[in-house]
Amino acid sequence: MAEKNDNNLEIIYFAILGLVTFGFGLADLLVTASGDALTLGILEIPGDMFRGGWGGLIVLFAGLFYLSGCKNVAEVHGASKVVTGSILIWIMVATDIFAMITESIPGGEDGPWFNSLAGFLGTYAPPYAPVIFLLPFSLVAIHYIYKKRFA
Amino acid sequence: MKRRQYFFLLTAALLILSLVASAGAHMPGAREVPEVELTPILIYDGDTLLEISIDDLAAYHGVRVGKGASKCVCLCCAFRAAEAAITELWGEEIPRREDIKIVTSLPTSGSMHAFQYITGTGPDMDTATRGEFSIVLPDGRDVANLSNKNIKTMSKDNSLENFVFTIHRRSTGESILISMSDGIFPDDYFDLRKKVNFNIPEPPDDEELDRFKSEWEDVRDAFLILPAWELFEGIEAPFPVGGAIFFVLLVTGSIILVVWMKRD
């Protein structure tokens, strides 16, 4: 009985995560189609073809993987889809954070070799792309990786 | 009689059209001003709290030059510089109009009307108190004749050196000097301006006209969109708290991940 309740919770969790991820992916594509990036508070939906277009497609498929895997997440097939969805998110987050790191170190085109402390930290300041907000929620998939590895 | 009526109607229509066309900016055919919400300047005029927006300055400038409201490059620059300087000098306090003194090296009608409006020193202004405003050129000459005609003549040789503003807090004697950051104005901007507006050294060709229009629009938009610390030297960027929090989370998360992976 308790296991069934746990499964229901997992299904609801990944269904919601899937819907939100799918929504962000769709928003990425729509904003890219409109031509300009969209900033809403600390959220920035990119509008360029590479990050918004291709990136949006990846986020959209991550959402589809979550939605597809959430129904039978207790089984290896469902869990693997959920993990794949999370891996897609991690790829996007890793590229975004890598871009931030490389941008934060030099002092700019006409500036000094190294950035100032404020300039360095300013690179990490909001707004962020939607995948950054999805990262902590996608980490739950690690549980499935370990669960299957040690089963 | 009929011909005279037609002529009158045609002239009136042309006049109205020219006013409408110049309502957006004094640069004919310039693209629309980007929609941005700029923080208004709050000042006390006697006991009245005034919220001075860039639209108020544009309207006053339009009335003074007789061409309709206009957000030109110099007006946008003056608004942003004054807003940034007042924030630096008064912090959270709201200044009193008579406590503000602005000295600029920029002889242009847009910046002059903006600063006159803020200090309450402009002609035909309904104000209870007045601050101080003056134009002192980079070579030290004081511009006493503030008529539009004279200001236009004085503006002929404007360069980046003219975009220097000193804002004083008269009650405390504090002041801040604001100049332009590198890269806001393209290198050929002032040469093109001289050609286009004054035909010096010769009238511009079509390519130069288009280039100046495009540069003018970009500079105006930069003054409306960019944060003050990117526009002006002398304005400190606020400490990026959000960036610091994210960086700490990133480093902590990475350490936890490495430790966790090593554990297995």
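The values are calculated or read from the model by the stated rules, or taken from the named source; none is laboratory data. Since this is a predicted model, take the numbers as computed values, not measurements. As a convention, Cβ positions derive from the backbone with ideal geometry for all residues, glycine included, and neighbour counts pool all protein chains shown.
Structure above, values below:
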{"quantity": "Total residues in the range B:209-223, condition of a type in the set (D, E) and touching a helix residue (DSSP H, G or I) at 6+ places or on another chain (Cβ under 6 Å)", "calculated": "1"}
{"quantity": "The lone exception for B:D191 - which of (1) in a loop (DSSP other than H, G, I, E, B); (2) at pLDDT 90 or above it fails", "calculated": "(1)"}
{"quantity": "Residue match in the range B:163-170 (condition: farther than 15 Å from B:L106 by Cα, crowded, with 16+ Cβ neighbours inside 10 Å and not small (G, A, S))", "calculated": "yes"}
{"quantity": "Answer residue from the range B:227-246, given it is away from chain A (no Cβ under 13 Å) and not hydrophobic (A, V, I, L, M, F, W, C) and is surrounded by the most Cβ atoms within 10 Å (Cβ to Cβ) among those", "calculated": "B:G234"}
{"quantity": "Residue within the range B:167-174 that is farther than 26 Å from B:K149 by Cα, of a type in the set (D, E) and touching a residue at least 12 places away in the same chain (Cβ under 8 Å) present", "calculated": "yes"}
{"quantity": "Residue satisfying condition, being closer than 30 Å to A:L40 by Cβ and modelled with pLDDT under 90, within set B:A23, B:A69, B:A13, B:A82", "calculated": "B:A69"}
{"quantity": "Only one of B:E230, B:E236 that is of a type in the set (D, E), under 23 Å from A:S104 (Cβ atoms) and part of a helix (DSSP H, G or I)", "calculated": "B:E230"}
{"quantity": "Top-ranked residue in the range A:66-83 [being polar (S, T, N, Q) and farther than 14 Å from A:I142 by Cα; ranked as surrounded by the most Cβ atoms within 10 Å (Cβ to Cβ)]", "calculated": "A:S68"}
{"quantity": "Qualifying residues in the range A:84-115 (those that are within 18 Å of B:D182 (Cβ to Cβ) and surrounded by 13 or more Cβ atoms within 10 Å (Cβ to Cβ)) - the one farthest from the other protein chains (Cβ to nearest Cβ)", "calculated": "A:P106"}
{"quantity": "Only listed residue being under 30 Å from A:I132 (Cβ atoms), among the hydrophobic types (A, V, I, L, M, F, W, C) and more than 14 Å from every other protein chain (Cβ to nearest Cβ), chosen from B:L224, B:L160, B:L192, B:L249", "calculated": "B:L224"}
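Listed here are the residues, each with its yes/no results for (1) hydrophobic (A, V, I, L, M, F, W, C); (2) under 16 Å from B:V63 (Cα atoms); (3) at pLDDT 95 or above.
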position	(1), (2), (3)
B:H113	no, yes, yes
B:Y117	no, yes, yes
B:F133	yes, no, yes
B:D142	no, no, no
B:F165	yes, no, yes
B:H168	no, no, yes
B:E174	no, no, yes
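Results for (1) in a helix (DSSP H, G or I); (2) basic (K, R), shown as yes or no for each residue.
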{"site": "B:D56", "(1), (2)": "yes, no"}
{"site": "B:R64", "(1), (2)": "yes, yes"}
{"site": "B:C74", "(1), (2)": "yes, no"}
{"site": "B:A84", "(1), (2)": "yes, no"}
{"site": "B:V103", "(1), (2)": "no, no"}
{"site": "B:F115", "(1), (2)": "yes, no"}
{"site": "B:M125", "(1), (2)": "no, no"}
{"site": "B:T129", "(1), (2)": "no, no"}
